[in-house]
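S.K.: The structure under discussion is supplied below as structure tokens; questions concerning it will follow.
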Amino acid sequence: MKAFNLSLMFILLLINSCTYSQGTKSKKLDYMKKFALENCIYNNYNKIDSTFFSKYRDVSAVALSSYGELTELEQNKIREFTKSKTSSFYSNGNTFHFENGKTNIVICECLLFYDSKELLAFLKKI
């Protein structure tokens with residue numbers, strides 16, 4: 001009976017550690033996606049207004065990389081991929097016109113990128 005209880009405890013511990021590991025991987029993947037989203041928004045708004053960072057002093061990328069425990073290599077890979085896929089969002093045309101001038105849909109485009117299968121597949125490879 002002791003051997004059975006010990007085996008059962010070991011199996012439960014193993015299942016718990018696998019579940020925890022999957023949860024940790026999923027959580028990290030969520031932060032990687034958020035980091036890519038932040039980079040998309042930052043890069044495109046910085047192209048619209050080069051004083052964007054100095055005005056708003058938003059350090060969300062630092063916070064997301066810290067919370068997600070992203071390595072410098074992971075951050076660089078995500079930045080490069082995001083830049084290659086989203087660098088022209090600021091200049092994409094759209095059908096929305098307003099009396100006060102030119103419009104953009106940067107946030108919309110970046111959210112679509114955030115939810116894309118392409119981004120998810122890339123991040124899973126890192």
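S.K.: I need the full set of residues from the stretch 85-103 which are in contact with a Phe, Trp or Tyr (Cβ under 6 Å, 6 or more places away or on another chain) and surrounded by 14 or more Cβ atoms within 10 Å (Cβ to Cβ), in order please. Spell out how you get there, then give the answer.
M.R.: Our first condition is that a residue be in contact with a Phe, Trp or Tyr (Cβ under 6 Å, 6 or more places away or on another chain); within the stretch 85-103, this holds for 86, 103.
Result: THR86, single match.
S.K.: Given the residues LYS77, LYS124, LYS83, which is the only one that is more than 12 Å from the chain's Cα centre (by Cα) and assigned to a helix (DSSP H, G or I)?
M.R.: LYS83
S.K.: In addition: Of the residues ALA36, ALA63, which is aliphatic (A, V, I, L, M), part of a helix (DSSP H, G or I), under 26 Å from LYS125 (Cβ atoms) and touching a residue at least 12 places away in the same chain (Cβ under 8 Å)?
M.R.: Sole residue among the options that is aliphatic (A, V, I, L, M), part of a helix (DSSP H, G or I), under 26 Å from LYS125 (Cβ atoms) and touching a residue at least 12 places away in the same chain (Cβ under 8 Å): ALA36.
S.K.: Scanning the stretch 45-73 for residues that are polar (S, T, N, Q) and modelled with pLDDT under 95, which turns out farthest from THR103 (Cα to Cα)?
M.R.: Checked the stretch 45-73; the qualifying residue farthest from THR103 (Cα to Cα) is SER60.
S.K.: Please determine, by comparing only the residues of the stretch 62-84 that are closer than 13 Å to LYS33 by Cβ and aliphatic (A, V, I, L, M), which one is surrounded by the most Cβ atoms within 10 Å (Cβ to Cβ).
M.R.: ILE78
S.K.: OK, next. Residues being in a loop (DSSP other than H, G, I, E, B) and at pLDDT 95 or above: count how many of those fall in the stretch 89-121. Steps first, please.
M.R.: First, the residues of the stretch 89-121 that are in a loop (DSSP other than H, G, I, E, B): 92-97, 99-100, 102-105, 115-116.
Cutting the leftovers down to at pLDDT 95 or above gives us 115-116.
Counting residues in the stretch 89-121 that are in a loop (DSSP other than H, G, I, E, B) and at pLDDT 95 or above gives 2.
S.K.: Just need a number here: residues in the stretch 52-61 that are more than 21 Å from the chain's Cα centre (by Cα) and surrounded by 11 or more Cβ atoms within 10 Å (Cβ to Cβ).
M.R.: As a first pass, look at the stretch 52-61 and keep what is more than 21 Å from the chain's Cα centre (by Cα): 54-55.
Retained after the next criterion (residues that are surrounded by 11 or more Cβ atoms within 10 Å (Cβ to Cβ)): none.
So the count comes out to 0.
The values are calculated or read from the model by the stated rules, or taken from the named source; none is laboratory data. Note that this is a predicted model, so its numbers are computed, not measured. We place every Cβ from the backbone using ideal geometry, glycine too, and count neighbours over all the protein chains shown.
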